[in-house]
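Quick note: the coordinates plus some simple rules give every number you see, no bench work behind them. Note that this is a predicted model, so its numbers are computed, not measured. As a convention, Cβ positions derive from the backbone with ideal geometry for all residues, glycine included, and neighbour counts pool all protein chains shown.
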Amino acid sequence: MLRLLALRVLVATGFAVAPAIAADFPPRPVGQNQAGIGQDVNYRIEIAAGPSSLPTVVGPVSRIKDIATIQTARDNQLIGYGLVIGLQGSGDGLRNSPFTEQSIRAMLQNLGIAMEGGQARARNVAAVIVTATLPAFVQSGARIDVSVSSLGDATSLQGGTLVMTPLRAPDGDIYAVAQGPVFISGFSAQGQAETLTKGVPTAGRIPNGAIVERQIEARFNDDEVLTLQLRNPDFSTAIRVTDIINDYTASRFGNRTASEQDSRTILVKRPASVSAARFVAEIENLLVATDTPARVVVDERTGTIVIGQDVKIAQVAVSYGQLTVRITEQPQVVQPAPFSRGETATEPSTVIEADQSGGQVAMLDGPDLQTLVAGLNRIGVKPDGIIAILQGIKSAGALQAELVFQ
C-alpha cells in the first residue's frame, strides 16, 4: 500500500518536529480527497469524444515527462541533528552554544568515554541540522544526498566531517543515516583588521552522504488510474496532453484512456494488458505543443527582466529622460586684512549643476517579442529604465500581458 507523510506538529524540549510517515491509505475512491484537507475534489474519468479544435501553437514542443509529473508515491523529507568535527578553530563557541557541549558529552558517553568535571574549550566542533529528501521507490541500502547547515555560531564548516547522524521522518522513525566530509562552496578568511567571506561557508552538502535504512512501501503497479499533473498549469496544454494520449492509446490499445480534470490534472486509466511502469514509459515520451500565458517577470533587486514570447504591446509613444543634479560644496578660506584684528574664516560655496540626458520620444509597437525588444533597445535605456517603462505601459493599458514582480 502507498504510505504517505501525514503532517502534525510535535513539540518536545523546545524543539518542534513535524511527525509522520503515516498510516496506510486505502485506494482513493471516486470523489474522495486523499489528503483529507479542505474541499473534496471530484475526479472522474470522462473520456472525451474526440480531439479538440484548439488553434495550432507556434512554440516549443516538449515531451510529457518534461512538463508533467506522475502523482503516485511522493518524496518524503528527513531531518536530523548532528555534529561536524575536525574544524580549524571555526566551530561553535561552547559558551554561546551550550547545546554543542551537551551533544559532545552525550556522544562521548555513547562511545564509552566518561567526561569528568570541567568544561570543554574546543573550537573544532559545530552543531548542525542535516536535511535530506527520501525519493519515491528508493530501496534500503541506496544512497541519497544530504544538506548540512550550522546551528550555532560557527564561522565555517570547511574541512569538517559529519559524524553518524540519524535522519528521521515526521513520524519519528529513522529512515536514513548520514556521515561523511562536508563540501562547502564558500570560504571565510579573517585577520585582525579585515574579514573576507565568499558564499556561505556555514552550509554545505554531502553527496551520497546518507544510506537509506528503511524503505517506504509503494506498489506503483497496483494503480489502475494514473494522475498526471502539469508543472505549469494551463487549460490549453492540459487539453493537448489529453488528446495526444488518447490518440496514442486508441491506436495502441484500442480505446481512449485520458480525461482532463482542470488546468493541472489529467487522469489516465491504465490498460489491463500492460504494467504501469511500461505504460508510463510509453506515454511520457509523447510530444506535446505547450502553451503559456503572456507574462513579463521583473526582479527589481537585480535588474533582471524576462519577457515571454507571446507578450504584445499596443502602439504607444514613450519618452524617457534622465535628470541628474550634482551639488558640490567648495568652501573657501577667507584671510583677514593685514595688520587687522580679524580671524581666518571659512566661507561656504555651493555649486549646483543640472543635466538632463535622453528625452527622445520613441514609438513602441510590439506585435512580437523581437520587435518589442528592438523598440526598447532603440530608446537606449538601462534595465531600471525599462522596468519603469513597462510599469508605465501597463498602467496605460497597452501591455497585453501579466506583469509579475519578484
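With the simple model of a label 7 Å out from the Cα in the direction of the Cβ, LEU196 to THR346 spans 3.7 nm. For a straight C-alpha distance cut-off of 23 angstrom, the lysines reachable from LYS382 (same-chain residues fewer than eight places away being disregarded) are LYS312, LYS394.
Available extension along the chain between VAL177 and ALA106 is 23.8 nm, counting 0.36 nm per residue and deducting the alpha carbon span. Along its three principal directions, the equivalent ellipsoid of the stretch 76-212 from the Cα gyration tensor extends over semi-axes of 27, 20, 11 Å, largest first.
Along the stretch 201-208 the Karplus relation, 6.51 cos²θ - 1.76 cosθ + 1.60 evaluated at θ = phi - 60°, assigns HN-Hα couplings of x, 9, 9, x, 9, 10, x, 6 Hz to successive residues, with x for each Gly and Pro.
So how strong a dipole does the stretch 76-212 carry about its Cα centre when Lys and Arg Cβ are +1 and Asp and Glu Cβ are -1, to the nearest 20 debye? Rounded to the nearest 20 debye, it is 160 debye.
Here the Karplus relation 6.51 cos²θ - 1.76 cosθ + 1.60, evaluated at θ = phi - 60°, turns the backbone of the stretch 132-146 into coupling constants of 7, 10, 8, x, 5, 6, 6, 9, 4, x, 6, 10, 10, 7, 10 Hz, with x for every Gly and Pro. Backbone phi angles across the stretch 216-230, fed through the Karplus curve with coefficients 6.51, -1.76 and 1.60 (θ = phi - 60°), yield HN-Hα couplings of 9, 5, 8, 9, 5, 6, 7, 6, 8, 10, 9, 10, 9, 10, 6 Hz in residue order; Gly and Pro are listed as x.
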